[in-house]
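The next block holds one structure in the form of structure tokens; read it before the comments.
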């Protein structure tokens, strides 16, 4: 086995933000159990394009025995992983559950749901959700509720941390939720790029938590915008783990 340069990851420093994954054109990196991992060393060209993207300095190039970089293997790897995340706009995600079918929830429907809720302090609070599904793996650019709307992209912990998520952020906006640490980074970028390219929202509001890995959501959106070729204004809100708004831009 030859001596060559390959990437090495310090798992103690890695927060799983995924910035390195989106910057690796060969698909050599992946988030596994919340940490960046090298999928296969034959996919790593050793040039280190991912290093500058890591906010924690968890990546470095080392020279050691490793299998040769294989361009043909990289091409096959990218082909084999692409179809699951690059479906046509009209093609639904594979899912045995019928609840992934798109629905527009009108204000009257939301009001009826609220009336059916148990009486209490929250009995008069009406839900603001206007689209279904909301999870990024299930949405597509063909769904009618994204076009020319301000799109809310939320880290899936944010609605639990911020008490008035519906009233403050969700009102009159379609929403997509996901986790930039635990979800498939490349799949997220491809799906968002498809939504930006074909549905063209008029603006994007990102709401994520203060933890370092959650900041990867903005980087994923930036990469998806680059791939889509669209220029869409972005606003960002950062929520603290105690439920307070820490920053808005």
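At a glance:
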item	result
Ranked 209, 1, criterion: other C-beta atoms within 10 Å, fewest first	1, 209
Kirkwood Rh and Cα Rg combined as Rg/Rh, region 151-208	0.98
Euclidean distance of C-alpha centroids, region 125-139 and region 187-210, integer Å	14
In nm, spacing of pseudo-spin labels at residue 78 and residue 210 (7 Å Cα→C-beta vector)	4.0
Sites residue 198 and residue 160 - FRET efficiency at Förster radius 41 Å, r taken between beta-carbons, to 0.05	0.85
Exposure proxy order (Cβ contacts within 10 Å, fewest to most) of 213, 44	213, 44
R0 of 22 Å, Cβ-Cβ distance residue 10-residue 40: FRET efficiency to nearest 0.05	0.65
Along each principal axis, Cα extent of region 3-81, largest first, Å	31, 29, 20
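We did not get these values from a lab; they are worked out from the coordinates using the rules stated. Everything numeric here is computed off the predicted structure, so don't read it as measured data. No Cβ is skipped: glycine too gets one built from the backbone with ideal geometry, and neighbour counts run over all protein chains shown.
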